[in-house]
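Structure record follows, encoded as structure tokens.
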Amino acid sequence: MPATRFDSDVAGVGTATFANSEVLYIAWHVLTEGPRVRRPWEGDTEQILGAGYLQLGDDLSAIGDGASDHWDAPIFLNSVAGRWTPYPSSLSGTFMPVLATRIRWFLSPSTSIHLHVFG
């Protein structure tokens, strides 16, 4: 069973760090939809636009440019309850984690989510 790396309600812009650097997947649930969050189709209760995004990252000061964070591509929050996994998420029955020691979020105004990082 994966271990919890981070588990909290978050809003606005923020960053969290975690000790173990293997991330197997991320799960989120939108708690509050701010005024910029939209539904792409009428009647669709799951898909959303404009909620914000997450990014995994790491401190790569070892490459010689001083202490600095480096970030992966954005993970857009395009559903009310969503999950992100590395691709491929498994190979021959073995989970394939992504290496990261931090996560940051950029959520639209008045939007909040429950964020859970597993590793």
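Throughout, read-outs are computed from the coordinates displayed, never taken from laboratory work. Quick caveat: nothing in here was measured; it's all calculated off a predicted structure. Methodologically, a virtual Cβ is constructed for each residue, glycine included, from the backbone with ideal geometry; neighbour enumeration extends over all protein chains shown.
Amide H contacts of LEU77 (H built 1.01 Å from N, in plane; Pro and chain starts excluded): GLY52, TYR53, LEU54 sit under 5 Å, all sequence-distant by 5 or more or on other chains.
Net charge near GLY57: determine it from the other residues with C-beta under 10 Å of the C-beta of GLY57, scoring Lys and Arg +1 and Asp and Glu -1. Mind dumping the intermediate values first?
Numbers: positive: ARG102, ARG104; negative: ASP58, ASP59, ASP69, ASP72.
Charge balance near GLY57 sits at -2.
Cβ under 14 Å from ALA100's Cβ, ALA100 left aside: what net charge do those residues give with Lys, Arg +1 and Asp, Glu -1? List each step's numbers first, then the result.
Details: positive: ARG5, ARG102, ARG104; negative: GLU22, ASP58, ASP59, ASP69, ASP72.
Taking every Cβ under 14 Å from that of ALA100, the sum is -2.
Counting Cα-Cα pairs of the range 4-118 in 5 Å increments starting at 0 gives whole-percent bin shares of 2, 11, 21, 21, 17, 13, 8, 4, 1, 0, 0.
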